[in-house]
Every structure is written in C-alpha cells, then in structure tokens.
1. A:S326 versus (1) within 14 Å of chain B (Cβ to nearest Cβ); (2) open to solvent by 50 Å² or more (accessible area, probe 1.4 Å): which is the lone unmet condition?
2. Answer with yes or no whether A:T229 is within 27 Å of A:S113 (Cα to Cα), surrounded by fewer than 18 Cβ atoms within 10 Å (Cβ to Cβ), away from every other protein chain (no Cβ under 14 Å) and among the β-branched types (V, I, T).
3. Inspect segment A:255-273 for any residue being surrounded by 23 or more Cβ atoms within 10 Å (Cβ to Cβ), within 14 Å of chain B (Cβ to nearest Cβ), at pLDDT 95 or above and within 19 Å of A:F115 (Cα to Cα) and give the result as yes or no.
4. Given the condition more than 23 Å from the chain's Cα centre (by Cα) and farther than 30 Å from A:V405 by Cβ, answer yes or no: does some residue in segment B:380-399 qualify?
5. Which condition does A:E376 not pass, out of (1) open to solvent by 10 Å² or more (accessible area, probe 1.4 Å); (2) away from every other protein chain (no Cβ under 14 Å); (3) in contact (Cβ under 8 Å) with a residue 24 or more places away in the chain; (4) of a type outside the set (F, W, Y), if it passes all the others?
6. When segment B:146-172 is examined, which residues are found to be more than 23 Å from the chain's Cα centre (by Cα) and assigned to a strand (DSSP E or B)?
7. If I filter segment A:164-180 for residues that are surrounded by 22 or more Cβ atoms within 10 Å (Cβ to Cβ), more than 14 Å from chain B (Cβ to nearest Cβ) and among the small types (G, A, S), do I get at least one hit?
8. Does A:S60 count as more than 14 Å from chain B (Cβ to nearest Cβ) and surrounded by 17 or more Cβ atoms within 10 Å (Cβ to Cβ)?
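The values are calculated or read from the model by the stated rules, or taken from the named source; none is laboratory data. If you're wondering where the values come from, they're calculated on a predicted model, not measured in any experiment. Neighbour counts are summed over all protein chains in view; Cβ atoms, including those assigned to glycine, are modelled from backbone coordinates with ideal geometry. In case anyone asks, the SASA skips ligands and DNA or RNA and just uses the protein heavy atoms, side chains included. Shrake-Rupley method; radii C 1.70, N 1.55, O 1.52, S 1.80 Å.
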Protein chains: 2
Amino acid sequence: MKIKVNEDLQKEREKCTFNIEELTYFLDGGADKTFSRRKLESFFLSDLNLKDEIPMEYLSHKERYEAAVRKSCILFKKVNEWQQNDDSGSNSMDIYKSLLGGSVGSAIIKDGSPFVVHYVMFIPTIMGQGTLEQQGEWVGRAFSNQIIGTYAQTELGHGTFIRGLETMCTYDPATEEFVLNSPTLTSYKWWPGGLGHTCNYAVVIAQLYTQGKCHGIHPFIVQLRDEETWEPMPGIKIGEIGSKLGMNSTNNGYLAFDNVRIPRMNMLMKNAQVLKDGTYKKSVNDKLTYGTMIFVRVLIVRDLVSNYISKAAIIATRYSSVRRQSELKPGAGEPQILDYQTQQYKIFPAIAISLAYKFAATWLWNVYNDVTSKLEEGDLERLPELHAMACCLKAVSTADAAVAVTTCRLACGGHGYMNCSNFPNMYAMASATETYEGENTVLLLQTARYLMKACQDAKSGLKLTETISYLNNFKSLRRNNWSTDLDCICNAFLQVAGG
Amino acid sequence: MKIKVNEDLQKEREKCTFNIEELTYFLDGGADKTFSRRKLESFFLSDLNLKDEIPMEYLSHKERYEAAVRKSCILFKKVNEWQQNDDSGSNSMDIYKSLLGGSVGSAIIKDGSPFVVHYVMFIPTIMGQGTLEQQGEWVGRAFSNQIIGTYAQTELGHGTFIRGLETMCTYDPATEEFVLNSPTLTSYKWWPGGLGHTCNYAVVIAQLYTQGKCHGIHPFIVQLRDEETWEPMPGIKIGEIGSKLGMNSTNNGYLAFDNVRIPRMNMLMKNAQVLKDGTYKKSVNDKLTYGTMIFVRVLIVRDLVSNYISKAAIIATRYSSVRRQSELKPGAGEPQILDYQTQQYKIFPAIAISLAYKFAATWLWNVYNDVTSKLEEGDLERLPELHAMACCLKAVSTADAAVAVTTCRLACGGHGYMNCSNFPNMYAMASATETYEGENTVLLLQTARYLMKACQDAKSGLKLTETISYLNNFKSLRRNNWSTDLDCICNAFLQVAGG
C-alpha cells in the first residue's frame, strides 16, 4: 500500500531552507555512518517476524515478556546473518548497542529488552574486572548466549549507599570456596534486568569476608540456574519483582542466597584477590573501578536522552503541522496548531535541547574514551573531572528529557495520552533514567561538591581543569554590550555559570 | 493476620504534636462526616469480592476492562444494600460520587470506571437540559441502569474548538425525525468514557440543521446499541479507541453515524427547540449551558486534585520514614531519608499544596453552588467570575498535581517506579486532568483574558468582583516590614499577584 504524506506536512517540509541530507550526515558523524545506519535499520525493521501482531500495550505482563524474548531470539539470529554479509566493518558491540538500547532496538522492543544488562553490564564487567583466565572462561560463552548474565548490585534496602550492601560472601579455605548469604529481607538483590526469568548467571556485588575480616564490596560470578532445566541452583531464591511504570519486558528480578557455594576463582580478580589460604591482596588502585561505574552514565547521556527528546519533538512537531484547531477569523479555516506561539514555546525548546544534548553527549563520550585510555597507562589526573561531568550531565539531561517528553505529550492533547502516540512509553523509559545508575538528587549533590571544591581551588589561584577553567577567568571576560554572535552568547553563559 | 506497624513509622507518629482526630474532622467538614465516610469505606473496602485476585497491572487490556465491569456490578448491588440499611441521610448521588471518582471508588477500580460518564455527564445533562417529559422518559431508567449512557462531544479532529464540531443532525419534517451523519473521518466522536463497549445510549453533541439552516451545536439522545443483544443499531459505527497512559478500564470509544434516524423528541429541548414543522426556537439565554460545562471542572478540582496530591505525599512521607540510606558518621547507622533536607524539599511542599487545594476546592464548590442557584433565578452576574475561577483553578491545580505526584514518586527512588507503589497509576490519572475538560494552556489563556479585562476595569475605577478586588487596592496595602503573621503573608501574595 502506498502511503500518501499528509498535505500540511508535505508543505512544511517543502519550506525547509537547508539541506536535510547534509544535516543528517553531520548528526550521524559522516555520510558513511548515515549509510550504515540506514542499511542496519532497513535490515531489521523490515522483518515481518519482528512486528507485533497485537500491540504490546494490549498484552498481559507475562505475554509482554514472552514477546520480548521471542523478538530477542530473532534479533540474535539476524545479528549473525548480518555479520556474515556485512562488509562495513562495524563490530559486534556496535550492533548489539544499536539493537538493545539504541534507536533500532527501542523500535522493535519498545519496553526494554531482558538481555540489555547481559551485554551492557555482565560482559563488560567480566572484561573489565576479570583476569585473562576468567575472561577466557566466561566471555566467549556469554557472547554466544550459552550463558546469560546480569549484574546484581542493588538490594531492596540499598541503592545509593553501595558501601552499605548487606549480601555476605565469606571465604572458606577448607574447600577453597566462597559462601554467599543474604542475612536479611533488605539484603535481597532487587532490580537487575533479566534476573526475573531470563538469566542463569550473575555478577553479584557482595561484602567480602576472609580470615575473619570484612574487606568491602567485590564482584563474584555466581551461577543462578541450571543451564539445561533452568531450575534455580541450590540455595538460590529468585523471581521477578513485578510490574512497573515502564520497562515491563526487562524482566527485573530479585535474588537471595542461602549458603550458596562458588569456587574461589569466581571472584573477579583483576584488581583485588583472595589467595588459596584466604589472604586478601588489595587492588593496586581502588579508583580503577571508577571507569565501569561511569560507563553506563555516559551511555545514558549518549544513547538514551537525546533519542527520547528528539523522538518526542518530532512526533509533536508533525502532529502540530497536521492538527488544525480554532478558527480565528470567521471563514478563514482553522490554522495548524504549530502556528500558535503557545505551541511553539512547548516544542521548539525540545528540538533545541535534543541537539544540545546530542553534542554534549558526543563530547562526553570522547572525554570518557580519552580518560579511560589514560587510566590504563596509570594516569588518573582527569578521572575526578570525568566523574563530575558524567554525574552532572546524567542528572541534568535525564531530568530535562522527562520534562521535554511530557511537554511534547501534553502539546498533542488527548492524542498524546494514547499509547499509539508512543509518548507514554517514551516517558516511562526517560523517567526511569532519572533514578537508575545514580539517583539524580545524589548526583547533583556530587556535582555541587565538585564545583565547591573547584571554586576554592580557583580562589587559591590553582590551575583548574579545562571544563571548569571559566571559574578562573569569567570576571576578566565580562562585557557590557550584547550581540547575538556565538562569542557573546558563550561568554554570557560563562558569566551566569561563574557568578 | 495482625499487621505490625513499622517501628520507625510508629516513632514518627508518636512525635505528633496535634490532635489527629480533630484535624480529620476539620478536613472532612465535621465529625459526623468523618463517621459517615469511615462507615462507607469499611462497607465497601472490606468486601472480598471487590479485591483483585491478580493485580490489574498484570492483566491484558481486555481483562482489565472486564474486571472493572465485574467490580462495578458488585458496587451497584452494594449501593442498593447500603441505601436500604443507611440512616445517615446521604443521597444516591453522594454515594455514586464517592464510589466512581472519589477516594473509595479509586481504591476499588484504580484505573477509571467505565460507568463514570453515565453518572457524571449523561444523567446530569438530561436533568439539566431535558424537558420534564424527557427527564421522565430517561432519568429513571438511567438511574436503575436499565440504560447506560455516555456524553459524546469531542471528535477525532476537534476538542478545544467545540464550535467546529462536524457531526451533523438534520431535521426531516416529513417523518418528524432527525438524521445524524458523520461527514468525515475527523468527525468521528472520540474519547467518551464507556462508549467502547459499555453503553447503549449517548448524549450526542451535533450541529443542528433545520429548514436549510445551521443553528450551531445542540444535544441529542441517541440509542447506540440494542438493549438486549448489545448489537450496534443500524448506521452506528462504534468501538474502543485503544490503550492509554492510564484510565485503561474507562473503555473510551469512538462513534460515527451513517443516516441514523432519531425521533424529534430526542433533542434535549429545555432550552432551544425544534417544532414539528422544523421551526427553530432559540434558547432564552445561551449562557445557561455554561453551568454544566463548569460543573466537571469544579469536580476535578474538588474530587481529584487534592486526592492525588495527598495520596502521593502520604506514600512518600511514610516511605521516607521507613527507608534508611547512607551512613553519615561511621557506626552511627543510616538515617531515615526523611531527615535529609533534599527529601523534605520534595515532600513538604506536596503536603502543603494538597491542603491548599483542598481549601480552595471547598471555596470553589461553594461559589459554584451559590452562582448556579442564582442562575436559576436569572441572575448571571457572577457567572463570568465563576467561569474564570474554574478555568484557572482547574489548570493550575492539575498541573501542580502532576508535578507533585512525580516529585513524590522520584523521592521514593526505584520503589516509586514500581506499580505496587501506586505512583504510576496516580500520575496517569493526575496527568489526564491536564488535558481533559479544557486543555490547560487554553484555560490559562482564558484566565489571562479575564485578568486583562479586570485590569482595564480596575484602571477605569470600575467595581471589581470579590476575588479580583485586590487589583483595586493592592497598592494602598503596600507595607515595608515583613512579619510571619497571616495578614502580612496574605498582603505579600496580593502585592505579587497585583504587581
């Protein structure tokens, strides 16, 4: 069936004064990337097996999860197919990223994939914190989905205060095993994606006890379910935590341990180690674990925030071009609602911040890669700055995204309230990022602490890192004349931020 | 099973410095009203047949609707039972109000009842705009649920601009019938609650054509489905519009007409009339229809807004008393998060505005009753003021409610994201009120227009109505010294509002 573009929409598009294709290349990072993206999108989005017979919103909680698993399995098969025929040099991680959290994946499994944490946290943690031997044992099997993992850190009673985690992992030198226990109800692991029914392995963060002493939290690989029967392993209490505002196919779960024994080699030992006799060997540098923690925050800003805002802005803009309401002059017909100032005040800022965060995210991603590559060489100088920037941008951008999606939704009236508009789902996904991977109020306090310290450094005449160097010189840049050129606008922002 | 109150919560309650029961009486409007409310709550909420075997959030869209119908039927039976045994003098409308939109109803059917519009709009419209003969024909049968109605005004293409409705109702003097038609796709009725599958009658708002002339929009009673078979009547296209952010058991529907014939007496003729020969007789006073339109806005402010905000504030406060996080001094234990200032800044304003809107709503309800009783006597003087106050309070309070529920939800971290917290449902219900019964931006513009006119009146030295009289005298009340007494605070608000 040939689809006819709505006339009002067509007219608006014809009024465009710039080269759309050129801007697309710029936003994608080059014409070749646009080409690859479109090829990938068309390969996956054209597959009729990946379409919903009944829209997800009509299904029960259980059916939604089953649909997500069914689609994920098709996706994994297609990834293999793609890789065998692809000559564009894109690597597996790039494809998985695009298919799990990215624009392609969220179009296919709208409500969160139960396999995201396997790729975004389970595999990266083993690669980042496991020894070569440990990587050899698990990474290959994980990549080929022979084992499915999750990352079990948060507990029912503990999110923000990670040091307060209660799960205990005690070394028993007699058998060279660790023994895992959940001493209280509040120590139940809570939230890990895929934990409900999908995974059979987990990286579990627990307090390490050896030789009668607690050494703080460390990561352990734990088998949760039998690889064939999927029955819980002895001593494992496991299940799904229940339905949520959104992300109802992520299959978030709970987990508790009753004297669960794992081999000594299941502690990820790239940094700290426990020797056969139970001797604890500290990590050379505690801060090396920072890198992984920051990674997901950077991904949120890069892959989620500007995606949600721009989708919302696009839907609202198109709707406002097509929707007509309230004849202002008798007989003149009803104007497109995009022509009302009140509508523009809602939608245009959303378009602007979707681009602003896209550029900020690209910058943050580059800083992240730069800083982590230097970490490997032992250079930790820019780590606090990266940490502060990731905290700040994650908090500010996710809060802005939730507001922008809501504003665009309300700008579409009752139609924006319907699930077929996709707004309710986008809001649920955007708002989740305000809480997970660092609750925003806590991250803002960490940003404030960093800025307070920087102000003191500035007063003491110390050299500041690049991003906050304006604290040293914003006063000397003060100007009195306003003009709309870029220099003056940037300067004005420095004055506001510095004052 | 005896439930033990959490110790932290118990301690907080014991610190209370005022008489809780006395405050409860005050908020309910007297000890007798508290007594009646509790008796009603206990009668309905203790019924095991009204509990969910499986929480609604796990069900499919279809199952949710069926559960809501099942519970509604039990509710109606219990209302009869209640009325036979009740000696407190509460009338049927009061009970239905409490059971459909109010606190009892929203506890039993959380996601909106498919029968609300029947009681809140169908019956009141017949009573307000039908002749005595018409009331005799339909109201009795409607009250005993022999017929179930809805109110079909909004169309797919028209919400705000009611004058632009496209549904046509043309009088045919040959048969003394009206003929209803939906000329376009955009003229499909869209949104009425209960229309999807629940109702068999509707008040339909359509453009009246008689003797070749259009006389603007008027209300007509139309039978939509056979009373026995529930099959659509000839020429009726009808169905459900689909799933939404919330209100998924309200069964919102669509409706179109293809030469549907109804008797002349199905036009509600208390005001305007069409005689047998097709002669149109105008209403004595067009503004009399205002009253009904304002009614629902007043109800939103009175029954929904402060309800949602106070529920959200209560849940967040209790959670913050029980939840402990982040040991500040080693060994001191983790403090209750309610003791953090950042948490107080989120929750305390929600508590405050829930009370502020409760009092404002009581005031608005009294003004509404006062003005409408004068309307009956032909006194329209305060109608514009009531209209402006209802517009303004509906817009401001619903927007505040959506923000307050969200802030309280985020204050509960991941737990607030789960449906078992009830926050997602409360948000969906609160946010819906931002759009329905007058889109908020449009209502704010109407408020602004009223205030601009009032300012001009004030400048011209005209006498202003009570609520805006401060525009005449806020300057003369200017004071320089600040004190925290009520007078000074009120005065400060007048200065800000007036300046």
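1. (2)
2. In short, yes.
3. no
4. Within segment B:380-399 (the criterion being more than 23 Å from the chain's Cα centre (by Cα) and farther than 30 Å from A:V405 by Cβ), the answer is yes, since at least one residue qualifies.
5. (3)
6. Scanning segment B:146-172 gives B:M168, B:C169, B:T170, B:Y171, B:D172.
7. no
8. Spelling it out, it is not the case that A:S60 is more than 14 Å from chain B (Cβ to nearest Cβ) and surrounded by 17 or more Cβ atoms within 10 Å (Cβ to Cβ).
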